[in-house]
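All of the numbers you see were taken from the coordinates with simple rules; none came from a lab. What you see is a predicted model; the values in this text were computed from it and never measured. Positions of Cβ are backbone-derived with ideal geometry, glycine not excepted, and every protein chain shown enters the neighbour counts.
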Amino acid sequence: MNRMLRSVARWAGVWTGQASFNETATALMRNEICPIFEGRAVSMDFEVYEPAGMQLVYGVRTVLAPDLDGSLKTLSFSTRFGLVQLEQTPDDEDVLALTGVTDEGVKLTVTMLPQDRDHMQLSAIWRPVGAGAASEEVQGVNGLLRRVTIWKPGAPMPDVARR
Amino acid sequence: MTTPLLSRFAHWLGTWRGRVDFAEGHQALMQFTLTPVFGGQAIQVETVAFDIESSRSITRGWGYFSLDRSGRVVNNIYGNYFGFAILHETPDDPEVLSLQGPLPGNEVMDVTMNVLGDEFTLSSRRWEGYTSHDDRPRTYTRMKRVAHYVEGDS
């Protein structure tokens, strides 16, 4: 199994936390990570809510899996961008960094940086292809997530609200 | 409120199971599970083929159906035996969904699906992308509905 995929599988569970959205608004983030395909892939359900009304701002369903050459890629549906495929890009050993370009020419970069066993920094940044990193067109969400539920095989995921 | 995608495919949702005859000649038990995500903005498709004797999974797949700006279906798929691909809808009869797209290694995949009552039929083929004719056999699947989609199950 791909070494990074093995690391990501260890992040299984439900992660929640507060985030900044487009550097100004406050948002709530939730990321649910589950091993699938007998451990050969990982699913991630990522959602961002505005905290006042708990309206979904942005949601993604993703499967992270090895391509035939062993490289990690994602298969995703995003409420903002539609169907998206991202590829792993080089980063520090324990960091999952993914990038890709949407059909509409937007470069999307997702970074998941574990702080310790139960904390993770997650950022998703997007900008038009060609726009610089300091461009006003850069948008995204960034925040610190805490693991609130550890995934257990064979058992339904407990509802976080009931804990 | 339904979405344009669900208006067309709501009767496809649920779990389907039946025999698959692979192009290579062997048979297996195929299962498809179609679930709406984000209120029907997309449909998640999970597939697994089991060996009939051992019941072990021999292929796994995952994908999302969505609509592009012109209203045609786009299918983003992953299969552990062919990798990642994006298929686009090609013209066919109204009740039939036909998709085609490139695979790694200069191959092309085409898939044709149809649901009639409680029967889901699917045929697919992989062929060399640089030839206009390729007589390789197709994989055929005929599945019966074993569970309807129930909201809140996903």
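Summary table
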quantity: Principal semi-axes in Å for the protein assembly as shown [√(5λ), Cα gyration tensor, largest first]; calculated: 33, 22, 21
quantity: Sequence-separation-based contact order of chain B, relative, with Cα cut under 8 Å and 6+ spacing, percent; calculated: 21 percent
quantity: Debye intensity ratio in log₁₀ form over the Cα atoms of region A:3-162, taken at each q of 0.11, 0.12, 0.13, 0.18 Å⁻¹; calculated: -0.42, -0.51, -0.60, -1.20
quantity: For region B:1-149, convex hull of alpha carbons as volume per residue, Å³; calculated: 119 Å³
quantity: Inter-label distance for residue A:113 and residue B:128, nm, one decimal - labels placed 7 Å from Cα along Cα-to-Cβ; calculated: 4.9 nm
quantity: Förster-model FRET efficiency, 22 Å R0, residue B:116 and residue B:90, C-beta, rounded to 0.05; calculated: 0.65
quantity: Structure-based [θ]222 nm, the protein assembly as shown - -39500 (n - 2.57) summed over DSSP H runs of at least 4, per residue, nearest 500; calculated: -1000 deg cm²/dmol
quantity: Among B:69, B:60, B:142: highest mean-square fluctuation, GNM of chain B, C-alpha pairs under 10 Å; calculated: B:69
quantity: Loop GluC sites (Glu not before Pro), region B:1-65 (other Cβ atoms within 10 Å of the site Cβ: 13 or fewer; DSSP); calculated: B:24, B:53
quantity: Protection-proxy order for peptides A:92-98, A:37-43, each taking the mean of Cβ atoms within 10 Å per residue, highest first; calculated: A:37-43, A:92-98
quantity: Long-range amide H partners of residue B:149 with built H, under 5 Å; calculated: B:14, B:15
quantity: Fluctuation leader among B:106, B:76, B:114 - chain B, Gaussian network, Cα springs under 10 angstrom; calculated: B:106
quantity: Residue mean of other protein chain beta carbons inside 10 Å, B:84-92; calculated: 2
quantity: Local electrostatic count at residue A:61 - Lys and Arg +1, Asp and Glu -1, tallied over other residues with Cβ under 13 Å; calculated: -2
quantity: Region A:62-74 - phi-based ³J(HN,Hα) in whole Hz, Karplus 6.51/-1.76/1.60, Gly and Pro as x; calculated: 9, 10, 9, 8, x, 6, 4, 8, x, 6, 8, 9, 10
